[in-house]
Amino acid sequence: MSRRSPRSRALLRAGAFAVAGFVPMLVLAWFVRSSAAVQDADQSVVDAATAVTLDHPWLQDFFVVWSAVTQPGWVVLAGALLALWMWRRRGYPGRALWAVGTLLVSWGLANLAKLAVGRVRPEIDEVILSAPGLSFPSGHATSSTTAAVTLTLLVWPVLGRTGRVVVPLAATTFALITAADRIFLGVHFPSDVLGGILLGVTISGASYLGYRGWSPTTRTTDAEHR
């Protein structure tokens, strides 16, 4: 019996990771479309969170600014600039192209998922921030989570011991604040944010597993994979 090639094994691992992530997201999407209990619980959390925001003007200002600077387009642009630096200054072209491609695919899939699920945004008595479009999954949560995982992996080969602690912590904090931002501004339900986090982790993780096995064995990629 013939043995699978390294590329085939990499694609199988990537596919298994993708299935493991997409299945719970599909289950969650089904619940948000069909379960009144989930909708009620979601709405209760949004009502409580927005009440806190309205009671604290400084918190409202912070979240509004955070929402603006973490728009998916800005996140992709920032990631592309970091990837360009990794390419031109550190000599990692393959890794840079992989990172930008992953961010763009994540952005596109999040928008397609919104259309497929068709969930409307939360209704609150006092609107804090107007946000057009559909609700599930959160585009901000998806893009920030994808960026947190992907950009951490992008710069991993050039990080020292301290950097390999600080960068993941900073990336996780960035993604979590962005996720909270969507709920406290009343523009997404908690399940929208959870869906975005699941989608972001799934896309970035599956993409990296595929990239690791698919990239050719050259001096550059050997250094990248240490």
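The values are calculated or read from the model by the stated rules, or taken from the named source; none is laboratory data. Predicted model, so just to flag it, every value in this text is computed and none were measured. Cβ: placed from backbone, ideal geometry, glycine included. Neighbour counts: every protein chain shown. For the accessible areas, the whole protein counts, side chains as well, though only heavy atoms, and no ligand, DNA or RNA atoms are used. Shrake-Rupley method; radii C 1.70, N 1.55, O 1.52, S 1.80 Å.
Counting only heavy atoms of the protein chains, get the accessible area per residue of region 169-217 (1.4 Å probe) and round it to a whole Å² value.
34
As I understand it, the dipole of region 1-135 uses +1 on the Cβ of Lys and Arg and -1 on the Cβ of Asp and Glu, about the Cα centre. Which of L12, Q43, V117 lies farthest toward its positive end?
Farthest towards the positive end: L12.
Rounded if a/c is under 1.5, else prolate if a/b is larger than b/c, else oblate: which is region 86-171, with a ≥ b ≥ c the root eigenvalues of its Cα gyration tensor?
The shape class here is prolate.
What is the sum of charges around F62, taking Lys and Arg as +1, Asp and Glu as -1, for the other residues whose C-beta is under 15 Å from the C-beta of F62?
Local charge sum for F62: -2.
When a/c is below 1.5 the answer is rounded, else prolate if a/b is larger than b/c, else oblate, so apply that to region 2-108 with a ≥ b ≥ c taken from the square roots of the Cα gyration tensor eigenvalues.
Since a/c reaches 1.5 but b/c is at least a/b, the shape of region 2-108 is classed as oblate.
Which net charge results for the neighbourhood of G195, defined as the other residues with beta-carbon distances under 12 angstrom from its beta-carbon, given Lys and Arg at +1 and Asp and Glu at -1?
That works out to +2.
Among S135, V65, V105, which residue has its Cα positioned farthest towards the positive end of the charge dipole of region 64-135, with +1 placed on the Cβ of Lys and Arg, -1 on the Cβ of Asp and Glu, and the dipole taken about the Cα centre?
Going by the charge dipole, the pick is V105.
Run the simple label-point estimate for D47 and W74 please: 7 Å along Cα→C-beta, distance reported in nm.
If labels sit at D47 and W74, their model points lie 3.2 nm apart.
Over region 73-178, with every protein chain in place, what whole percent of the accessible area is carbon and sulfur at 1.4 Å, could you tell me?
Within region 73-178, the accessible surface is 67 percent carbon and sulfur.
How far, in degrees from 0 to 90, does helix 190-214 lean away from the longest principal axis of the Cα atoms of the chain, to the nearest 10?
For helix 190-214, the angle is close to 10 degrees.
If you take the beta carbon distance between S8 and A116 as r and set R0 to 41 Å, what does 1/(1 + (r/R0)^6) give as a FRET efficiency, to the nearest 0.05?
It comes to 0.85.
Under 12 Å from the Cβ of T53, count the other residues' Cβ atoms, weight Lys and Arg +1, Asp and Glu -1, and hand me the total.
-4
Rounded to two decimals, what ratio of Rg to Rh does the chain give with C-alpha atoms and a Kirkwood Rh?
Radius of gyration over Kirkwood radius for the chain works out to 1.02.
In degrees from 0 to 90, rounded to the nearest 10, what is the angle of the helix 163-184 Cα long axis to the longest principal axis of the chain?
30
Using only the alpha-carbon atoms, how far is helix 36-55 inclined from the longest principal axis of the chain? Give it as 0 to 90 degrees, nearest 10.
80
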